[in-house]
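Novice: Right, I'll just put the structure down here and ask away after.
FYI, it's all coordinate maths here, none of it is from the lab. A quick note: this is a predicted structure, and the numbers were derived from the prediction, not measured. Quick reminder, even Gly has a Cβ in these numbers, built from the backbone with ideal geometry, and neighbours come from all protein chains shown.
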Amino acid sequence: MPTSCCWLTDQQGLFTADPRNNPEAELISDVHVIDDALRALAGDSVSGLGTGGMSTKLQAADVACRAGIDVIIASGSRSGVISDVIDGKPVGTRFHAQQSPLENRKRWIFGAPPAGELTVDDGALAAIIERGSSLLPKGIRAIQGNFSRGEVIRIRSLQGRDIAHGVSRYNSDAMRMIAGHHSQQISEILGYEYGPVAVHRDDMIVS
């Protein structure tokens with residue numbers, strides 16, 4: 001998923017007023033919160049390099065920022081604008097994402113269809129629900145489906161209740177081999193390891 005995007009327009013960015021009519025109008029370099037005052041500002045002008053045409057762009061920027069993506073609105077006529085954006089130079093107006101990369105990743109996990117399923121024992125259930133712990137191989141009792149390392153899987157209790165979605169550290173074949181075993185045995189069983197957990201707590205959304 002991208003972390004930023006750049007929209008090139010005939011506008012330099014969002015101004016405090018229409019620069020054609022107000023010589024004191026200033027370019028707004030950074031926006032951290034898109035609120036009603038900013039929406040009103042974006043809708044004040046009709047067209048040109050000022051606030052005009054910004055209302056729709058502001059709505060789209062709001063959606064992107066809520067999804068964890070920075071948005072830069074800049075003038076397409078500016079020489080070297082793409083290079084400047086890539087280099088992180090101050091260009092146009094930057095709308096800052098409202099979610100951290102971790103929050104954004106968890107948003108993806110929540111929305112992704114599970115590629116497989118793990119059934120865990122009561123000890124693992126309590127560790128995940130009550131203590132916010134990672135899922136260890138020792139607590140896995142059954143594996144359903146065929147999935148790759150890095151795919152989203154569903155985690156269920158012995159009673160069949162959905163308790164979490166998470167990103168698998170191992171593929172389904174490896175998971176079947178290490179299920180029920182201590183983490184210290186992973187390397188011995190597989191001949192390699194991607195860490196001691198089956199699903200890390202940072203890659204997990206509890207239902």
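Novice: For segment 107-206, go through all pairs of different Cα atoms, get the mean of 1/r, take its inverse, and jot down that Kirkwood value in Å.
Specialist: 13.0 Å
Novice: Taking segment 130-207, which trypsin sites (Lys or Arg not before Pro) meet the DSSP loop condition and have no more than 15 other C-beta atoms within 10 Å?
Specialist: Filter output for segment 130-207: Arg149, Arg161.
Novice: Based on the Kirkwood radius over alpha-carbon pairs, what value in µm²/s does the Stokes-Einstein equation return for the translational diffusion coefficient of the chain at 25 °C and 0.890 mPa s?
Specialist: In µm²/s, the coefficient is 123.
Novice: Go through segment 59-74 residue by residue and turn each phi into a ³J(HN,Hα) via Karplus (6.51, -1.76, 1.60, θ = phi - 60°); whole Hz please, and just put x for glycine and proline.
Specialist: 4, 5, 5, 4, 4, 5, 5, 5, 8, x, 10, 6, 10, 10, 10, 9
Novice: Something else now. Of Asp18, Asp87, Asp162, which has the largest mean-square fluctuation in a 10 Å C-alpha GNM of the chain?
Specialist: Judging by the Gaussian network model, the answer is Asp87.
Novice: Order of Leu58, Leu118 from fewest to most other C-beta atoms within 10 Å?
Specialist: Lowest to highest Cβ neighbour count: Leu58, Leu118.
Novice: Order these by the 10 Å Cβ neighbour count, fewest first: Trp7, Trp108.
Specialist: Sorted ascending by nearby Cβ count, the order is Trp108, Trp7.
Novice: Check the straight Cα-Cα distances from Lys57 and name the lysines below 28 Å, setting aside those fewer than 8 residues away within the same chain.
Specialist: List returned: Lys89, Lys106.
Novice: Give me the distance in nm between label points sitting 7 Å out from Cα along the Cα-to-Cβ direction at Arg107 and Ala17, one decimal.
Specialist: The answer from the label model is 3.5 nm.
Novice: Averaging sequence separations of C-alpha pairs under 8 Å and six or more residues apart, then dividing by the length of the chain, give the relative contact order as a whole percent.
Specialist: Computed value for the chain: 17 percent relative contact order.
Novice: For the chain, what is the charge dipole size about the Cα centre, in debye to the nearest 20, if Lys and Arg each add +1 at the Cβ and Asp and Glu each add -1 at the Cβ?
Specialist: Values: 20 positive and 24 negative charges, 132 e Å.
For the chain, the charge dipole is close to 640 debye.
Novice: Further question on the same structure: Helix-only mean residue ellipticity at 222 nm, the chain, DSSP H runs n ≥ 4 weighted -39,500 (n - 2.57), per residue, nearest 500. What is it?
Specialist: Values: 7 runs with 59 residues, N = 207.
Here the helix-only value at 222 nm equals -8000 deg cm²/dmol.
Novice: What's the whole-number percent of alpha carbon pairs in segment 4-99 lying beyond 24 angstrom?
Specialist: 14 percent
Novice: To continue, here is another question. Please find, in a Gaussian network model of the chain (springs between Cα atoms separated by less than 10 Å), the residue of Asn171, Asn21, Asn146 whose mean-square fluctuation is greatest.
Specialist: Of Asn171, Asn21, Asn146, the most mobile in the Gaussian network model is Asn21.
Novice: Taking the chain as a Gaussian network, Cα atoms linked when under 10 Å apart, which of Ser157, Ser79, Ser183 shows the biggest mean-square fluctuation?
Specialist: Ser79
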